[in-house]
Amino acid sequence: MKEDIRNIINTIKLLGIDMINNANGGYPGITLDAAPIMYTLFANHLNINPKDANWVNRDRFVLSASHATGLLYATLFLAGYDINIDDLVLFRQLNSKTPGFASMKTPGIDYSAGPLGTGLAAAVGMAMAEKYLKSLIGLKVKNQRLINHNIYCLVSDGDLQEGIAHEAAALAGLYNLGNLIVLYDSNNMTEDGRIEKSGKEDILKIFDANGWQIDFVKDGSNVNLIDKAIKRAKRVTNKPSIIEIKTLIGRDSYNQGTNLVHSRPLSTDDITNLRKIFKNDLGKFEVKKEVIDKFRNIINKRCSKRYKLWQEYYSAFSKKDVKEIQEMLNFVTNKNLGINFNAANFKIQATYEEDLRESNSKLMNIIASRTNFFLGGSADMASSCKTYLSREEAFTSKTYYGKNIRFGVRENAMGHIVNGLSSYGLLAFSSTHLRYLDFMKNSLRSAAMNNLPVVHIFTNDWLSDDGMEEQPLEQLSNLRSIYNLDVYRPGDINEIIGMWDYILKEKRPSSIVISNELTHILAGTDSLSVNKGAYIVRKETGVLNGIILTCGHELTTSLIIANELKQEGIELRVVSCVCQNLFDIQSEEYKNNILDSNTKIIVVEASNDLSWTKYTSYENIIGINKYQKCGKKIELLKDLKFDKNSIKERIKNILDIQNSTK
């Protein structure tokens, strides 16, 4: 290895170790063993421009081995991204550019991965996004070069022990994602010790069976071997590639080759010894200018010409007077979906009645027909969730422009793949039954933390004839507990229209919960009021006795009950709370007009969600607090005391309690 290359790699290592030591936390093992991998990738292969970190046609890099941020930040700094030494000093500190897990707000970070394996799934989604956009533009311009790049991903042994990695790998192989190259830092070590203690899988054979190009580098400290392997992978265009690179965890440290160096900062003596081995006599966080200049010059010399040519191509491309091309450019540069969708333009017949999943399906198909940038699929439940875009083609290796993605029974990977798609600005959706939310919790949290414009659709939110295993009792509580995730539960087609109108305009992390019950259009619902989160559907005409706060299918039941109780002299207001998040950010004046603080507020929802206690007291929540039995729905409702008559009596009892305390 040339001396200047060795100096760059050793500088990456020492900067990473200094960061970890300074923060008293981090992962020195992978920092020391994978630095040659990072150097080779950034110096010889990644098509990037650190001065234009968000260049749309850059190669993407995903750190699925998400604990290795010390290694990543040190590399980004040396490469010339907008990260300085002070940022490295502030590693893991409050409000710094260098948090413990990479943030997409940091220059040079293309995706923020969380738990192991999730970054690989997101990288698959990013590879699908690149294929989709490239194919879409290619329908109008042959041999286009506007979108034409690769996705690289660094994974660890731990990543590939997680089941999600293999779910994602199967899909990458199915779709022949030749633009995806995975670098496997194979150091045979996990937190608790040697990998052999917890598994004996032959990773390359597994990936080979899933349709991947496989390769092996026997010495992870040899830059030339790594470089040649990546070159071989780039020549394979019809398969994703994985390169297993054998490394020695914590190389050159006192505890190299053991789990002791995985997640514990090195001692001062150990770091001093490393500096001797690396022939580096500089102090903590000190870097030689010639090392910085050398690395940046290597990258600039390789990438600047490509960047300039792309800019020239983009300029010529933008002059093409073709509507579809201009729409593509507007999306590529501004992430503009270019959709004409206005809730006020929809007129629904008063006699309209159907399964809410069908209503949602119709709206989704309208959206798909009006924008090129709306796509997604289901975990083998499109026919049940009604989320197949009937006028669009399927996403396949021959039709990458297809908007329907078949994820198979892989909810875990689906959620993170959709996040990867959304990192490109696409409005991507997933769908499954609400019961299976647990498989997707991490992906929803990731979308919320990174403010990705995803739409996760959950149907069958009510009782099931199959019994408790299919009952989504606690899932609404789980969904609403995720900060920065807007959870919608519409009650009829009007509210579905209003919900999609807001989602399309705001492009925020969203989750839709749709009933599979037959529903007619409800008197008083208003699509234009959904953006307030909650609004009055039934206004009292006399002295107000109470307010029913509800959503979803229970809105129908609540309206029926309110009308029946009026005949008994009890006057109720019915408020539809389609989205708690949106209601909570309204003005105090608006919220007080909707929920009168001097009136008993009664919540009706088929869940055990305690988030409703911010609006009323626990004893005023009419929900379901036990697992259902197996049986016919009408019998189940009576058994759970959640049929119409039972709810009506419970409301009367609550109002009687109120009257007796006055």
Computed D for the chain, Stokes-Einstein, Kirkwood radius over alpha-carbon pairs, 20 °C, 1.002 mPa s, to the nearest µm² per second, is 80 µm²/s
Gyration tensor verdict on segment 395-495 (Cα atoms; rounded if a/c is under 1.5, prolate if a/b is larger than b/c, oblate otherwise): prolate
Before rounding to the nearest 500, sum -39500 (n - 2.57) across all DSSP H runs of length at least 4 in the chain and divide by the residue total; then give [θ] at 222 nm in deg cm²/dmol. -12500 deg cm²/dmol
For segment 279-375, state which GluC sites (Glu not before Pro) are in a DSSP loop and have at most 14 other beta carbons lying within 10 Å of their beta carbon. Glu286
Leu452 neighbourhood, Cβ < 10 Å, K/R = +1, D/E = -1, net charge +2
Here the alpha-carbon Rg of segment 31-190 over 2.2 N^0.38 Å rounds to 1.05
Please give me, ordered by residue number, the trypsin sites (Lys or Arg not before Pro) of segment 98-149 that lie in loop per DSSP and have at most 11 other Cβ atoms within 10 Å. Lys105, Lys142
Could you work out how far apart the two model spin labels at Glu474 and Val141 are, taking each label as a point 7 Å from the Cα in the direction of the beta carbon, and quote it in nm? 5.2 nm
Tell me, how many Å apart are the Cα centres for segment 3-17 and for segment 156-177? 31 Å
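Taking a threshold of 22 Å on the Cα-Cα distance, which of the pairs Lys566/Lys600; Lys97/Lys294; Lys131/Lys505; Lys319/Lys505 fall above it?
Lys97/Lys294; Lys131/Lys505; Lys319/Lys505
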Provide the net charge surrounding Asn345, with neighbours chosen by a C-beta distance below 13 Å and charges set as Lys +1, Arg +1, Asp -1, Glu -1. +1
Expressed in nm to one decimal, what extension gain is obtained for the pair Lys205 and Ser304 from 0.36 nm per residue of sequence separation less their Cα-Cα distance? 31.8 nm
Quotient of Cα radius of gyration and Kirkwood radius for segment 249-370, i.e. Rg/Rh, equals 1.33
Restricting to aspartates and glutamates and to Cα separations under 16 Å from Lys320, and discarding same-chain partners fewer than 8 apart, the set is Glu312
Find out how many positive minus negative residues lie around Val291, taking Lys and Arg as positive, Asp and Glu as negative, among other residues whose Cβ is under 15 Å from that of Val291. +2
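Using 1/(1 + (r/R0)^6) with R0 = 22 angstrom and r between the beta carbons of Leu528 and Asp596, what's the FRET efficiency to the nearest 0.05? Spell out each step's value before the answer.
Details: r = 23 Å, r/R0 = 1.03.
Result of the calculation: an efficiency of 0.45.
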Where N is the number of residues in segment 299-424, Cα Rg divided by 2.2 N^0.38 Å: 1.37
Signed unit charges on C-beta, dipole axis of segment 165-253, positive-most listed residue Asn188, Asn222, Ile206: Asn222
Placing unit charges on C-beta atoms (Lys and Arg positive, Asp and Glu negative, everything else neutral), compute the dipole magnitude of the chain about its Cα centre in debye, rounded to 20. 2380 debye
On average over all directions, what projected area in square nanometres does segment 529-661 have, based on the convex hull of its Cα atoms? 8.3 nm²
Alpha-carbon radius of gyration plus Dmax, which is the widest Cα pair, for segment 3-305 in Å: 18.4, 62
Run the Debye formula on the Cα coordinates of segment 343-520, all scatterers equal and no solvent, and tell me log10 I(q)/I(0) at q = 0.08, 0.14, 0.20 1/Å. -0.22, -0.70, -1.50
Say the cut-off is 25 Å between C-alpha atoms; which of Lys279/Lys305; Lys228/Lys305; Lys441/Lys626 go over it? Lys279/Lys305
Tilt of helix 268-277 relative to the longest C-alpha principal axis of the chain, in degrees (0 to 90, nearest 10)? 50 degrees
Between helix 223-235 and the chain: long-axis angle, C-alpha atoms, 0 to 90°, nearest 10: 50 degrees
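Computed from the coordinates by the stated procedures, all read-outs in this text should not be read as laboratory data. Bear in mind that the values here come from a model prediction, so they are computed numbers and not experimental data. Every residue, glycine among them, receives a Cβ derived from its backbone with ideal geometry; neighbour counts consider all protein chains shown.
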